[in-house]
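Here's the structure, in structure tokens; my notes come after.
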Amino acid sequence: MNAKLDSGVTTRPVTRQTFDEVLVPTYAPANFVPVRASGLDVWDQEGKHYLDFTSGIAVCSLGHANPQLTDALTAQLKTVWHLSNAYTNEPVLRLGLALTEATFADRAFFCNSGAEANEAALKLARKYAHGKFGPHKSRIVSCLSSFHGRTLFTVSVGGQAKYTEGFEPLPPEINHIKYNDIESARAAITDDVACVIVEPIQGEGGVIPGDIEFLKTLRELCDKTGALLIFDEVQSGVGRTGALYDYMNVGVTPDILTSAKALGNGFPIGAMLTTNEIAQYFNVGAHGTTYGGNPLASTVALNVIETINQPAFLARVKEASARIFANLEKLAADYPQLFGKVRGKGLLIGLPMAEGYKGKAKDYTKTAEKLGLMLLVAGPDVIRLAPALIVSDAQIADADRIMRQAADEFLAAA
Ligand SMILES: *Cc1c(COP(=O)(O)O)cnc(C)c1O
């Protein structure tokens, strides 16, 4: 027997302080420890209740401890957990069918996170470009202030220097252009480009929707030069913007699409979707992962896709979005000294701090948190709302009430 387990480590008391003692300090979590959650309700160790407008960063879109997902996962847990990719399994086959039938794609590759999905996409794009055109076609074009994950490759492709500092040397042949800047795109996307990767709406970079003209121009330039267009829909995908994937809203079809976050509602899974023509360049042995597409993750994702990809469900996302936008526009009008113009799409919404409160988004969310509302930030200047897609009108009204109270308290303390 393991002596540590015998000593009662599974039941001994732990606190927020324990984080500072035993975990690598890559995060600065809130000063409470959530212990239980259901739908958009969260309770901490003291029994305090919070209304969750973060959904674990656009992950738990069907709510915490969703009963249908819990039942499906429990049934699969009693059947088979893991086989490795030396064998296939029924849930991953069904998930592959569901995703390819619902999108432009003919083929899916499964992994365990957004970074891994992008890593697969970038590697596939290189393999395709080298195979079809030759090794000179290897440059990658990405956007400033984009976010694509934290592996060394994806963080280098991402457009935020603060995340690569100290990790040099970085992979070469990556260029960053200004987001939504058509002229920079024209100058950068030349014949030696293997792929262009873009978020149709930038999430971490401040909740900035892509201009349709910009995204269309990327598509045209990729077609002209033979570069592949990759849409990173890790945050925008799986119903978040009111369509299954945001490319469907903007009317620009990528060659490769990456998905993760909400795909598993909290159970880790990532997916890379592409066409038959491109997929063949990932031949046997070219890429892989131990857990990718395992029966547990695939079962959850299949149920998520089946639930979200329904016209009535997606229509409700748009309706909830319109309500929150209306509330936030009124809030910003009532507190012009505090907030700027609300932006975003569907239930991925950014509320920038006004000029005089730049850098204070986190402080505002901490005030809201004390009053029982969990909010996100997107950079230092933008409050981000990403509630579960099942948010009710009553919860939208509660959030509005708390955000107003937080604005008053924040101004009184400032
Ligand atoms: C969160 C995110 C990622 C990284 O996903 P992980 O699962 O954290 O690796 C990549 N791209 C975008 C757009 C994201 O929002």
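Only one of the listed residues (THR299, THR274, THR307, THR290) is open to solvent by 50 Å² or more (accessible area, probe 1.4 Å) and in contact (Cβ under 8 Å) with a residue 24 or more places away in the chain. That residue is THR290. Restricting THR70, THR103 to residues that are of a type in the set (S, T, N, Q), surrounded by 15 or more Cβ atoms within 10 Å (Cβ to Cβ), away from the ligand (no atom under 16 Å from the Cβ) and over 30 Å from ALA406 (Cα atoms) narrows the list to THR103. Going through (1) within 21 Å of ASP255 (Cβ to Cβ); (2) open to solvent by less than 40 Å² (accessible area, probe 1.4 Å) one by one, ASP211 falls short only on (2). HIS130 meets each of the listed conditions (1) under 23 Å from THR289 (Cβ atoms); (2) away from the ligand (no atom under 16 Å from the Cβ); (3) open to solvent by less than 30 Å² (accessible area, probe 1.4 Å) apart from (3).
Can you find a residue in the range 145-157 that is among the hydrophobic types (A, V, I, L, M, F, W, C), open to solvent by less than 20 Å² (accessible area, probe 1.4 Å) and either in contact with a Gly (Cβ under 6 Å, 6 or more places away or on another chain) or away from the ligand (no atom under 16 Å from the Cβ) (or both)? Within the range 145-157, not a single residue is among the hydrophobic types (A, V, I, L, M, F, W, C), open to solvent by less than 20 Å² (accessible area, probe 1.4 Å) and either in contact with a Gly (Cβ under 6 Å, 6 or more places away or on another chain) or away from the ligand (no atom under 16 Å from the Cβ) (or both). Got at least one residue in the range 78-86 being surrounded by 15 or more Cβ atoms within 10 Å (Cβ to Cβ) and not in a loop (DSSP other than H, G, I, E, B)? No; the residues of the range 78-86 include none that is surrounded by 15 or more Cβ atoms within 10 Å (Cβ to Cβ) and not in a loop (DSSP other than H, G, I, E, B). Evaluated against (1) away from the ligand (no atom under 15 Å from the Cβ); (2) open to solvent by 20 Å² or more (accessible area, probe 1.4 Å); (3) in contact with a helix residue (DSSP H, G or I) (Cβ under 8 Å, 6 or more places away or on another chain), TYR179 falls short on exactly one condition, (1).
If you take the residues of the range 370-391 that are of a type outside the set (A, V, I, L, M, F, W, C) and either within 22 Å of the chain's Cα centre (by Cα) or modelled with pLDDT under 95 (or both), which of them is nearest to ARG240 (Cα to Cα)? Step by step, filter the range 370-391, then rank; the result is PRO387.
The values are calculated or read from the model by the stated rules, or taken from the named source; none is laboratory data. Quick caveat, the model's predicted, so the values are computed rather than measured. Counting neighbours? That spans all protein chains shown, and the Cβs are built from the backbone with ideal geometry, glycine included. All accessible areas refer to the heavy atoms of the entire protein, side chains included, with ligands and DNA or RNA removed. Shrake-Rupley method; radii C 1.70, N 1.55, O 1.52, S 1.80 Å.
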